[in-house]
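Quick notes on the structure that follows.
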Amino acid sequence: MAAKTIAVLLLAICSFFTLALGCYSEGYLGKWKMLKRSIGISAMHMALLPNDRIVAFDRTNMGPSNITLPSGKCPNISKFIDCYAHSVEFNLANRSVRVLTVLSDTWCSSGALDPDGMLVQSGGYNDGQRVVRYLKPCPNSDWVEDPKGLIQPRWYASSQILPNGKIIVVGGRFQYSYEFIPKTSKSDHKLYQLPFLKETNYYRRAENNLYPFTHLSPDGNLFIFANDRAILLDYVNNIVVRNYPVMPGGFSRNYPSTGSSVLLPLKLLLNNTTNTPDAEVLICGGTLPNSNFHANKGEFLDAAKTCGRLVITKENAEWEMEDMPMNRVMGDMLLLPTGDVLVINGAAKGTAGWGVAREPVLNPLLYHPDMPSSNGTSNANIDFSTDQGHQGRFLILSPTAIPRLYHSTAHLLSDGRVLVGGSNPNRNYNFTTLYPTELSLEVFYPPYLCSDNGKSRPSIAWVNPSVELGYKQKFSVGFHFKGKSDTEKMYLTMVAPSFSTHSFSMNQRLLVLALEQVSETSTGNFVVEGYAPATTALAPPGYYQLFVVHDGVPSRGTWVHIK
């Protein structure tokens, strides 16, 4: 997509995003707003494209949805004709829904955006297990499918964009291997065994290692977490270069004991000549290994309350454990433009699956990674502190009225809001059961989106020389800012768009960029000069949302493209 096209899109985006921000006291904890009562499907999978359209889909073998395909477009899926849509595009500008046509079953699949902003989506169930699907961020585009895009069936696998622009697909049910897509070279047609995935499937009754958490390390290797342990994989040479300590506590963290994971912000500094900053992973929630077995018998065990942090680049890495204010399974973890982490959705008891969770957790949590532990040290258990409403590094935020359980999703939007959709812990669409199928989309306004805290919001005016960036390139961002400013509290962040399903946002990544200076050019007008990431291991090629942050308040994001 050319820079001129991006500029036009941004102009259109800025013209309609008017945040409905109300008054609040010093203790404002965010708010919720219904965006769309029904998009016709339940958003089991969700992605944001660089044209600011949301793509959502569920699975094609669940029977009728609440939206139909156009006449003549009914595909033959799993040996029956299905005229109901199971994938849609949602236009944030006018809240319209456009039907997309899926030809194979996408149930519990994975995805990533390629360097050109195209959604590359892989695997699923039945006839979809080896399919790779492509959707371009273009007007009136639709899914294009390669029925033999994968070597092995991939159901509950994870995807990660790599420094070379390829996508690695890891695991899947009873698949202890990985492979690369799209298959444009000889090595892409080879299957790579990964015994680690088999070794972590030691609770055979429940598995607990599906949808492994994958994060690209700044050294180019791949961090993989499954069940309660992790490795660092050199996927080029198929060598495990590190084995990390077992995460303490005895909980399982991956599906169906579904916790969540993020790679905490990577902080790039001008004086860091190695360009390999420390990388730290945060994992929260999950359940006991046998929770799924008990839940299927009607016994709903407490979900995990614990989180663990691990500096994966540290030579003698050890888990730093801390507690959330409440137990949580199936909670989505999202990186906000400020560098904080939002924990949203989920339940306090049970596990992930059909009808096997209880006590929806309606309050999101805001996690401040840079807040010191209560005793001022790291690598130690964190005690709760009630100072200013915080419990340790967590702040409890305003609740939603809608339970978001199994098959719910969440995604950061360019305007700083968080989109939440889905929830269908039922075998088919069911609107009369204990936890009905949810077709709605709602948005959460994090606390930084309130206008009455005395803090103004930056507004990006331009990026120079272009929104097309090169690695190590120096560039400048012009922005407007009303009110009292403090250049020491200004910084730039870049957020990679993710693919969200089953409480894990694949490819999620935030970089705090190295800055040279921030200057005021005239009253209320500023220029910040910074540098694009130095390597493809820090920032794989593709589209990113660029934010200016001042004193904890982010601008609306501007899409930039790095290649």
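Please report, to two decimal places, log10 I(q)/I(0) for region 471-518 at q = 0.28, 0.30 Å⁻¹ as given by the Debye formula with identical point scatterers on the Cα atoms and no solvent. For the requested q values the scattering log ratios are -1.14, -1.23.
You can think of it this way: the chain between Lys472 and Thr535 has 21.9 nm of extra reach, that is 0.36 nm per residue less the Cα-Cα gap.
Would you kindly state how much longer the chain becomes between His368 and Asp116 on full extension, computed as 0.36 nm times their sequence separation minus their alpha carbon distance, in nm to one decimal? Can you show the working numbers first?
On the way: separation 252, 0.36 × 252 = 90.72 nm, distance 3.24 nm.
So the chain would gain 87.5 nm between His368 and Asp116.
With 22 Å as the limit, the listed pairs Lys33/Lys267; Lys36/Lys349; Lys474/Lys563; Lys31/Lys267; Lys267/Lys482 have Lys33/Lys267; Lys36/Lys349; Lys31/Lys267; Lys267/Lys482 beyond it between alpha carbons.
Distance between the pseudo-spin-label points of Lys563 and Thr432 (7 Å out from Cα toward the beta carbon): 5.4 nm. Cα gyration tensor of region 416-563, axes a ≥ b ≥ c as square roots of the eigenvalues: rounded (a/c below 1.5), prolate (a/b > b/c) or oblate? Note, shape of region 416-563 comes out oblate.
Alpha-carbon geometry of the chain: the Rg and the Dmax are 22.1, 67 Å, given in that order. Residues of region 301-344 with an amide N closer than 16 Å to a point placed 7 Å from the Cα of Asp234 along the Cα-to-Cβ direction: none.
For the listed peptides 90-98, 43-51, 218-226, a ranking on the average number of other beta carbons within 10 Å per residue, highest first, reads 43-51, 218-226, 90-98. Potential lengthening of the chain between His480 and Met321 amounts to 53.2 nm, from the contour at 0.36 nm per residue minus the alpha-carbon distance.
Dipole of the chain computed with +1 at Lys/Arg Cβ and -1 at Asp/Glu Cβ about the Cα centre; of Gly171, Gly308, Ala56, farthest Cα towards the positive end is Ala56. Judged by the ratio a/c of the largest to the smallest principal axis of the C-alpha gyration tensor, region 40-183 counts as oblate, that ratio being 1.5 or greater while a/b is no larger than b/c. Couplings 3J(HN,Hα) for region 338-348, derived from phi with the Karplus relation 6.51 cos²θ - 1.76 cosθ + 1.60 (θ = phi - 60°), are 6, x, 7, 10, 9, 10, 8, 6, x, 9, 9 Hz, where x marks Gly and Pro.
Helical content of the chain, expressed as a calculated mean residue ellipticity at 222 nm, amounts to -1000 deg cm²/dmol (DSSP H runs of 4 or more residues, -39,500 (n - 2.57) each, divided by residue number, nearest 500).
Here, each number is a calculation from the coordinates, and none is a lab measurement. Owing to the predicted nature of the structure, the values given are computational and were not obtained by experimental measurement. Using ideal geometry, Cβ is built from the backbone for each residue, glycine included, and neighbour counts are taken over all protein chains shown.
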